[in-house]
Each structure stands twice: as C-alpha cells, then as structure tokens.
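Everything on this sheet refers to the single structure shown next.
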Amino acid sequence: MKKLVPVILLALFSIDTKSQSIPNPGFEDWTAGPGYDDPNGWGTINSLVASILPNGTAIKTTNSNEVHGGLTALKLLTKNISQYVAPGICATGTINTDGTISGGIAYNQRPISLSGWFMYTPVNGDTASVEVTLSKWNGTQRETIGHTIIEFTQTNSSYEEFVDSIEYISTENPDTAVLVLISSAGANGFEGSTLFLDDLAFDFDNTGIEDHINKVKVGLGPNPAENTIHIINLKTEATLTIFDVTGRKVETYQVNEVKQDVNVTNLINGTYFYRIFDRNETTITTGKLLIKR
C-alpha cells in the first residue's frame with residue numbers, strides 16, 4: 001500500500017498530559033458542513049469532494065449494525081471521481097491535496113499499543129490501514145519516536161477488536177501524534193471498499209496484549225510495492241508464495257516472526273496473487289499484490 005507520509009508542521013508544544021487522548025475516539029461528535037459531516041478533531045477530504053461525491057468519503061453512520069459503542073461510528077468509503085480513486089480517509093491533522101498530512105495532536109506519552117474495533121469489506125483484494133506515528137521536533141527536524149501500522153486485508157462483516165504494539169526507535173518522549181485511517185491502498189484502491197472504525201484507544205497496560213495481537217489479520221505491505229514488502233503481524237514460521245495472474249508460481253520466500261522483510265526486485269511491474277501458509281501447509285492468508293515502480 002502506498003503510505004501517506006506525515007509532514008508535521010507544528011512547532012514545539014507546552015503540553016498538559018492529563019488532557020491528552022485520541023480526539024473523539026468513539027466518533028460520537030460531528031460538525032455538519034454543506035452536504036457532509038466531519039468528525040470533530042479529525043481531518044478529512046470531505047470539503048474537497050462532497051460537491052461531487054455526496055457525504056464525502058468519511059461518513060457518519062448511526063445504523064445499529066454499523067456501530068460498536070455509543071450512537072455513531074466512522075464509515076470510510078472508497079469512491080471514484082472520474083478516473084481517480086478517492087479513498088475514505090481520516091487523520092489527526094490536515095490532509096493536503098498531495099496526500100501528505102500536516103499537523104497532528106499534541107502528545108508526549110509513550111503508549112504500549114493502539115487498539116480499536118473494525119469491520120472491513122475490501123474490493124478486489126484492497127487493503128485498509130490504521131497508522132500511528134509519534135514524533136518530536138528536535139530543533140532542526142521532526143524525529144520519529146514510535147510507529148505502528150495495522151493493515152486489514154480480509155472481509156470482516158462484524159466488529160472485531162484490533163490491537164498492535166507501538167514500535168519505539170527512540171527513548172525520547174514524543175510531542176506529536178498523527179493517526180491516519182484509510183479504507184483503501186491509496187490511489188490504487190478500489191471503489192466500494194468500506195472500513196468501519198469505532199472506539200480507538202492508546203493502551204498503557206500490556207495485560208492480555210498478546211492474545212489480542214494474535215487476532216490481528218496477517219497481511220503484507222506496502223501494497224503496491226516497489227522493491228521490498230513486509231509481512232504484517234506474522235507470529236510463526238511461514239512460506240510466502242507469489243503467483244502471476246495465470247496462477248503460475250513465480251516465487252517462494254521463507255519468512256518468520258523475525259525475518260519479515262522480503263526483497264521483490266526480481267518481480268516486474270504487474271498484478272500478482274500471494275498465499276502465506278504455515279509449516280503444516282495451512283493457509284494463513286491470501287491476497288493480491290501490486291508491483292509498481
């Protein structure tokens with residue numbers, strides 16, 4: 001998946017840690033615009049596309065079978081504008097026309113993980129994701145402190161909890177958090193892919209986290225990929241097999257919970273299908289992979 005790379009333009013913050021949290025985490029509060037609603041505390045592209053795409057792509061839903069907790073939830077729906085794909089997208093910042101994110105929320109804590117509840121209906125092997133980047137301005141540039149990305153590749157027609165630990169690459173505390181929620185593989189997504197999200201939270205207690213993490217779907221990314229792909233949430237030894245569109249096996253890779261990066265420079269541009277299976281040849285997941293350079 002082509003990731004949105006956060007471009008943080010905020011200066012240093014003076015932060016009251018008692019007030020910090022994910023804004024509007026249950027998506028209960030919305031502000032009405034001309035032809036659309038926006039979730040309070042989140043940026044969307046609704047104001048840019050609502051005149052062409054009614055309700056935009058980040059939609060308030062109150063249907064009881066589409067809400068996990070409270071009265072409302074977030075529905076991210078991928079739509080088409082002429083020849084272009086408009087994914088359902090929300091971010092804790094401003095979504096720029098070039099796909100970058102500016103801003104974020106003031107945040108200086110170090111949560112163990114991000115959790116929430118989701119339903120997903122992908123079209124043509126599409127990929128949705130929830131991404132968190134914790135960063136800090138070091139005086140000359142913005143430094144990444146911690147990061148995680150949870151990718152959804154399979155149909156989930158009822159709410160399921162997701163949780164993924166945040167990987168820290170610095171001992172510093174962050175000053176900014178950016179969350180990006182998206183229903184498709186960016187501009188390479190497919191119309192109709194739909195992601196529902198509700199009740200997001202940063203977690204500080206690791207009790208039971210492994211049980212939750214094991215429920216997260218295994219997938220791969222980025223998708224489309226250029227030269228390297230990463231297996232997401234794999235907790236065992238496995239085999240990744242790549243097939244072309246005719247079903248011919250073209251490559252096989254051995255992966256595990258440590259070795260999860262795969263070099264795919266030998267694959268030419270095009271569409272492939274993949275299967276990940278364990279040592280007993282039980283299929284863990286399947287999907288579509290796009291190579292695009």
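The values are calculated or read from the model by the stated rules, or taken from the named source; none is laboratory data. Computed from a predicted structure; not experimentally measured. Don't worry about glycine lacking a Cβ; one is built from the backbone with ideal geometry, like all the others, and counts go over all protein chains shown.
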Note to self: Suppose we filter Thr97, Thr78, Thr62 for residues that are β-branched (Val, Ile, Thr) and without any contact (Cβ under 8 Å) to a residue 12 or more places away in the chain; which single one remains?
What the structure shows: Thr62
Check: In the range 271-293, what count of residues is obtained for those that are polar (S, T, N, Q) and either outside the structural domain of Thr239 (by TED's automatic domain parsing) or under 21 Å from the mean Cα position of the chain (by Cα) (or both)?
Finding: 2
Next item on the list: Name the one entry in Asn256, Asn266 that is surrounded by fewer than 16 Cβ atoms within 10 Å (Cβ to Cβ), farther than 25 Å from Ala73 by Cα, at pLDDT 90 or above and not β-branched (Val, Ile, Thr).
Entry: Asn266
Check: Residues of the range 269-293 being modelled with pLDDT under 85 and among the β-branched types (Val, Ile, Thr), which ones?
Finding: Thr271, Thr282, Thr283, Ile284, Thr285, Thr286
Checklist line | Residues of the range 68-80 classified as surrounded by fewer than 22 Cβ atoms within 10 Å (Cβ to Cβ) and assigned to a loop (DSSP other than H, G, I, E, B), total | finding: 5
Check: For the range 127-143, which residues satisfy the criterion of being free of Cβ contacts under 8 Å to residues at least 40 places away in the same chain and in a strand (DSSP E or B)?
Finding: Glu143
Next item on the list: Would you tally the residues in the range 242-270 being hydroxyl-bearing (Ser, Thr, Tyr) and either under 25 Å from the mean Cα position of the chain (by Cα) or closer than 16 Å to Asn223 by Cβ (or both)?
Entry: 2
Checklist line | Positions within the range 271-293 being within 15 Å of Gly221 (Cα to Cα) and of a type outside the set (Ser, Thr, Tyr), in sequence order | finding: Phe273, Arg275, Ile276, Gly287, Lys288, Leu289, Leu290, Ile291, Lys292, Arg293
Notebook entry, point to check: So, in the range 184-201, of the ones that are touching a strand residue (DSSP E or B) at 6+ places or on another chain (Cβ under 6 Å) and either in a strand (DSSP E or B) or at pLDDT 95 or above (or both), which residue ends up surrounded by the fewest Cβ atoms within 10 Å (Cβ to Cβ)?
Noted result: Ala201
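Restricting to the range 162-180, and then to whatever is outside any loop (DSSP other than H, G, I, E, B) and at pLDDT 90 or above, can you tell me which residue is surrounded by the most Cβ atoms within 10 Å (Cβ to Cβ)?
Ala177
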Checklist line | Within the range 27-64, considering residues that are assigned to a strand (DSSP E or B) and small (Gly, Ala, Ser), the one surrounded by the most Cβ atoms within 10 Å (Cβ to Cβ) | finding: Ala58
Checklist line | Residue list for the range 269-293, restricted to those being of a type in the set (S, T, N, Q) and surrounded by 15 or more Cβ atoms within 10 Å (Cβ to Cβ) | finding: Thr285, Thr286
Next item on the list: Name, by its number, the condition in (1) touching a residue at least 24 places away in the same chain (Cβ under 8 Å); (2) part of a strand (DSSP E or B) that does not hold for His147.
Entry: (1)
